[in-house]
Amino acid sequence: MSKTGPIILVEDDYDDEEIFREALSETGVENELISFSTAHDAYEYLLIMTEQPFLIFCDVNLPKQSGLEFKKQIDSNPYLRQKSIPFLFNSTSIDKRTVTEAYTQMAIQGYFLKQHEYRNVVSSLKNIIEYWCSCEHPSNYK
């Protein structure tokens, strides 16, 4: 189970980042994990990186610029939009307005509630990774 390209994590909580990192390693995925604590830093990196990212996992509640604002910024940039990077929200914050906005006003591919039990974090990540490994992507056809 693998596709090339790094997994981008945008997460401002160090503990949540470490849990994600450990859980990802338990899935057997060998993709590099590149993490950012702010949307601004992640956006700047996406603009200069040369390889195709595999996935972006992003918290909704981030300092200065929310995950929603970050995704809108990606969608409004033709270069990044062309990359069609699968974008998934992973947040402790779930409410109807935010979920509806995420799905109807931007191109996201998933909105997940952060799991409290570690085994559920691993299971959720494994399912997400397996799904995206089996999906076709425009970057597969050069």
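The values are calculated or read from the model by the stated rules, or taken from the named source; none is laboratory data. These figures come from a predicted structure and were not determined experimentally. All Cβ positions, glycine included, derive from the backbone under ideal geometry; neighbour counts span all protein chains shown.
So the values come out like this:
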| quantity | calculated |
| --- | --- |
| Among the candidates Glu11, Glu18, Glu26, residue that is crowded, with 19+ Cβ neighbours inside 10 Å and either modelled with pLDDT of 95 or more or under 13 Å from Ile129 (Cα atoms) (or both) | Glu11 |
| Enumerated helices (runs of 4 or more DSSP H) restricted to the stretch 33-117, each holding at least 3 residues that are surrounded by 13 or more Cβ atoms within 10 Å (Cβ to Cβ) and modelled with pLDDT of 95 or more | 39-48, 67-75 |
| When residues of the stretch 8-32 are limited to those that are among the hydroxyl-bearing types (Ser, Thr, Tyr) and outside any loop (DSSP other than H, G, I, E, B), the one farthest from Leu55 (Cα to Cα) | Tyr14 |
| Odd one out for Tyr118, checked against (1) of a type in the set (Phe, Trp, Tyr); (2) more than 14 Å from the chain's Cα centre (by Cα); (3) farther than 21 Å from Asp13 by Cα | (3) |
| Cross-chain or 6+ apart pairs with Cβ under 6 Å, the stretch 45-60 first and without any contact (Cβ under 8 Å) to a residue 60 or more places away in the chain, then of a type in the set (Ser, Thr, Tyr) and part of a loop (DSSP other than H, G, I, E, B) | Val60/Ser93 |
| Given (1) buried (at least 16 other Cβ atoms within 10 Å of the Cβ); (2) more than 14 Å from the chain's Cα centre (by Cα), index of the condition Glu130 fails | (1) |
